[in-house]
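Note sheet for the following structure.
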Amino acid sequence: MGFVSFISTLPTLLPIAPLPSYNSSKCPIHSGTISCRIVDGGSTENGVRRRDILNCFGAAISMELVASSTPTPSPFVEVANAADLIQRRQRSEFQSSIKTTLYTAIKANQELIPSLLTLALNDAMTYDKATKSGGPNGSIRFSSEISRPENKGLSAALSLVEDAKKEIDSYSKGGPISYSDLIQLAAQSALKATFLASAIRKCGGNEEKGNLLYSAYGSSGQWGLFDRQFGRSDAQEPDPEGRVPDWSKASVQEMKEKFIAIGFGPRQLAVMSAFLGPDQLATEAMLAMDPDVTKWVEKYQRSRETVSETDYEVDLITTLTKMSCLGQTINYEAYSYPVQKIDFSKLKL
């Protein structure tokens, strides 16, 4: 059975549009009301532009909708909601920058894509369901763990992650990124890059058409849940040995048992075949011979032969998202930072 290319999408590289900035306008305030003279052109000594007033109204309405989301909003609730929106924006902007850094690094080292996928899988596969320990906690960064037989050949992928971390930490405003987050995000970026490359091949090598094809038929929106699981903490020591099989030597039965042990089954085993060891073709061919797994291998083979690959991609994203959170408590405030306070007493109204 021929192996058709796996995976596709570029990370979202478009920067988030900055909030509009406004020049201070002269608006006399009396008894809780604001009196502003609207002018058509630029702001004058006693007037502001109609566009500025409409923008102010839009912002006020948005904040009112946020505050009204609770039955009896109070000033404290309104402040909390506004702070939450700021944190979400900060995290989103930071994540966008991370994806840009990773995309650049992966584009220059495409031969490391399979290793980046296995690195993320092996870091997560240390999860022990009975003790709720291990999982995607960045422990694979320790020399005593990365040197284990199951992690043979992954040092170069880890080096790419370490170099990316140095660059990301240099511009982070909310503290250094955890290895556990970065390793999983690197796998996401590698998957997206591969799916996009597949779309470009299907368009005869035309990058513009390939991008359009992926935008039209890809599963970019499916990555939303994965992106929200952002805020893992790093382990401070290696995870115990013996929790991850040596995929290049493991039998299908051993693979099945490991996936069952962490709460997955034959379906997830089949869709994650691209992560299992250095030779994905050999792994998938071996999986195709098992009666429990073969129907899923065939399903994903058929999906990869279509224009959109949707069935394969959606299942792969779903499985990766679940795997990347095994045993982890996500801090949804991670990487946010205090906003500089404005001294309203110095504002000229």
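The values are calculated or read from the model by the stated rules, or taken from the named source; none is laboratory data. Owing to the predicted nature of the structure, the values given are computational and were not obtained by experimental measurement. Here the Cβ positions follow ideal geometry from the backbone for every residue, glycine too, while neighbour counts run over all protein chains shown.
I'm told residue 150 meets every condition in (1) within 25 Å of residue 263 (Cβ to Cβ); (2) part of a loop (DSSP other than H, G, I, E, B) except one. Can you identify the failing condition by its number? So residue 150 meets the others, but not (2). In this entry, residue 137 passes the filter for residues that are under 18 Å from residue 240 (Cα atoms) and surrounded by 22 or more Cβ atoms within 10 Å (Cβ to Cβ).
Criterion applied to 187, 193, 199, 270 was being over 18 Å from residue 150 (Cβ atoms), crowded, with 23+ Cβ neighbours inside 10 Å and either touching a residue at least 60 places away in the same chain (Cβ under 8 Å) or of a type in the set (Asp, Glu) (or both), and the one residue passing it is 199. Scanning region 229-240 for residues that are in contact with a Ser or Thr (Cβ under 9 Å, 6 or more places away or on another chain) and either of a type outside the set (Gly, Ala, Ser) or not assigned by TED's automatic domain parsing to the domain that holds residue 99 (or both) yields 229, 232, 234, 236, 237, 238, 239, 240.
The rows are residues; the columns are (1) assigned to a helix (DSSP H, G or I); (2) free of Cβ contacts under 8 Å to residues at least 12 places away in the same chain; (3) surrounded by fewer than 14 Cβ atoms within 10 Å (Cβ to Cβ).
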| position | (1), (2), (3) |
| --- | --- |
| 144 | yes, no, yes |
| 158 | yes, no, no |
| 161 | yes, no, no |
| 174 | no, no, no |
| 214 | yes, no, no |
| 230 | no, no, no |
| 244 | no, no, no |
| 249 | no, yes, yes |
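Among the criteria (1) over 26 Å from residue 97 (Cα atoms); (2) in contact (Cβ under 8 Å) with a residue 24 or more places away in the chain; (3) polar (S, T, N, Q), the one residue 319 does not fulfil is (1).
Residue-by-condition table, conditions (1) in a helix (DSSP H, G or I); (2) surrounded by 16 or more Cβ atoms within 10 Å (Cβ to Cβ):
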{"residue": "283", "(1), (2)": "yes, yes"}
{"residue": "295", "(1), (2)": "yes, no"}
{"residue": "307", "(1), (2)": "no, no"}
{"residue": "312", "(1), (2)": "yes, yes"}
{"residue": "321", "(1), (2)": "yes, yes"}
{"residue": "326", "(1), (2)": "no, yes"}
{"residue": "329", "(1), (2)": "no, no"}
{"residue": "334", "(1), (2)": "no, yes"}
{"residue": "338", "(1), (2)": "no, no"}
